[in-house]
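The values are calculated or read from the model by the stated rules, or taken from the named source; none is laboratory data. These figures come from a predicted structure and were not determined experimentally. Cβ atoms come from the backbone with ideal geometry, glycine included; neighbour counts cover every protein chain shown.
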């Protein structure tokens, strides 16, 4: 308890006066606050002592000025008056403060930033690309599953080839060289579209009429069998 | 600018400052130079308790008054010109000093011998001023600013609160802590005073 006050009200007035003493000392206190504080100080020895100290400090004033030179500084400032308006530190009460301008980074720095593993923009782009690739692969897989390749269907030996022209099954003598086999097929005007089967039969097709092809094949000594097949028949 | 207005502006009153700022907003360089010369010493004295670097003080003052030149048209007269200008200077100083991380400097030693051997009242005043300067230099920046604006610039707490952009009670609290600290540091100096 402060020995200079004897009640809660006086205590409150004392605290108020203590807070206000610096401004009583510099003469800016005014109005009813000035009256209250002055009235308290007249009755409070502690506040009077503190006020005396503050007035002494106030009267002493600041120490000597440093060696600053207004004219020298003004000379440096004048050329800047015509410069474009940058972002400034103006108190918000009087002007809206713009965010500070960031200097443009160099090319190397921009690339380093771009390629940095913790760059969120780069990571987002990479994840997006991965997602797209996965989506495309999933669609392709789904289409392949939904539309099975017709080439995987069951074919009988006499079924048509790619162009629907396979019509003749041919067997050759076992000792017929491969070169002779090719010559015979070529000379007959046919072409091999399948085989050899487990019975060493070959399937040959003919784009034109079947009978001359069949006749030429049968005329070859190395051909042991040449029989026409229907392309549409199924077993 | 006619002579009457110029005399009013040169008087350094709040009204004179407002006239000058109005002229500055219109691009009047002569008015700006008048305002500059009026505010430079006040701002420099305010800043020299925050840093002892003369080039930095001049740079902060120039930055502050350049803003005044560029933003004079935004000054709406809702406060005194001095409040507005000191608020800009305080922000500039905080930014510059925090960027530099400059420690508080005690200047007592470098000043102590300057006026030695002058046993008169003026010397006592100067000695005390040096001692107070040195003690103030040890205060945190916000307390230092509040102390200076109160004792060296004779501002009221409401105006200081506006400059420092804080509540009035914060200003009072800062002064309270500053006074306690200075009372300890200046105990010997102030005891000899009448």
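If you go through the stretch A:48-62 and keep only what is surrounded by 17 or more Cβ atoms within 10 Å (Cβ to Cβ), more than 60 Å from the chain's Cα centre (by Cα) and within 7 Å of another protein chain (Cβ to nearest Cβ), you end up with A:53, A:56, A:57, A:58, A:60.
Return a yes/no flag: does the stretch A:17-34 have any residue that is over 30 Å from residue B:134 (Cβ atoms) and either at pLDDT below 90 or away from every other protein chain (no Cβ under 12 Å) (or both). Yes, the stretch A:17-34 has at least one match. If you check residue B:29 against the conditions, is it modelled with pLDDT of 90 or more and either over 20 Å from the mean Cα position of the chain (by Cα) or assigned by TED's automatic domain parsing to the domain that holds residue B:185 (or both)? Yes; evaluated as a whole, the condition is true for this residue. Of all the listed residues (B:82, B:78), the sole one being in a loop (DSSP other than H, G, I, E, B) and either loosely packed, with under 15 Cβ neighbours inside 10 Å or at pLDDT 90 or above (or both) is B:78. For the stretch B:147-157, name all the residues that are assigned to a helix (DSSP H, G or I) and within 9 Å of chain A (Cβ to nearest Cβ). Across the stretch B:147-157, the qualifying residues are B:147, B:148, B:150, B:151, B:157. Between B:145, B:134, B:158, B:129, the distinction of being buried (at least 16 other Cβ atoms within 10 Å of the Cβ) and modelled with pLDDT of 85 or more belongs to B:145 only.
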